[in-house]
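Derivation of every value follows stated rules applied to the coordinates shown; laboratory data play no part. This one's a predicted model, so the numbers in the text were calculated from it and none came from an experiment.
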Amino acid sequence: MTSVILQPAAGPDAQQHYRDTMESPVALSRIQPHVSASVMADLTTSGSGGGVRVWGVTPSGESKWNRIQPGDLVLFAGHGRFFASAQVIATAHSWGLADDLWGDDDDGRRWEFTYSTTPPRVRTSPTRSSTPLLDTNPTTSHAASACWTRTVVACTWPPLKTTSQWLNTPPPSRP
């Protein structure tokens, strides 16, 4: 069953990582020394050409990262809206890849629990004040997966029937 991963990407580190490894592909030759042969096989047969997009989470998100599967839909969120979507190709626990791509955070943690995706599709949504996308009530929010801390309560795009349908549905125009 396909899962939806709500991936926050609003902080300064996350925004820089998004620019570095989601907006631009990471060459397979750069990834290869850091992952298993089976992961490389998944990446090379994904039709991604010479590179894929890569995201990582720190060890605190490991138990949630363990649930991520190829084919899952990732919704990148920041500042009260979803701004991009992508589909998971493969996962890899790789300290070396994380070091190569991002280094450590300010607390010495590494984004070593990685997943590769298709190129992100940029989404647009109404402003936060017109349609809340995330429940910000701390009494009702819960961790859903990788690093998420909010519960999705409303979405302005068509209802999610299949990952493929959602990825291929253009976002609505702004009023």
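Enumerate the calculated ³J(HN,Hα) couplings along the stretch 17-34 in order (Karplus 6.51 cos²θ - 1.76 cosθ + 1.60, θ = phi - 60°), each rounded to whole Hz, writing x wherever the residue is Gly or Pro.
For the stretch 17-34, the Karplus curve yields 5, 4, 4, 6, 10, 10, 5, 10, x, 9, 4, 4, 5, 7, 7, 3, x, 10 Hz.
Please list the non-local residues whose amide H lies under 5 Å from the amide H of A84, H modeled 1.01 Å from N, same-chain partners needing a gap of 5 or more.
F76, R123
Amide H to amide H, which residues 5 or more places from G71 or on other chains are under 5 Å from it, using H placed in the peptide plane?
Amide H neighbours of G71, under 5 Å, 5+ apart: V88, I89.
In whole Hz, with x marking every Gly and Pro, tabulate ³J(HN,Hα) for the stretch 89-102 from phi via Karplus 6.51 cos²θ - 1.76 cosθ + 1.60, θ = phi - 60°.
Once θ is set to phi - 60°, the couplings for the stretch 89-102 become 9, 7, 10, 7, 8, 8, 4, x, 5, 4, 4, 5, 7, 10 Hz.
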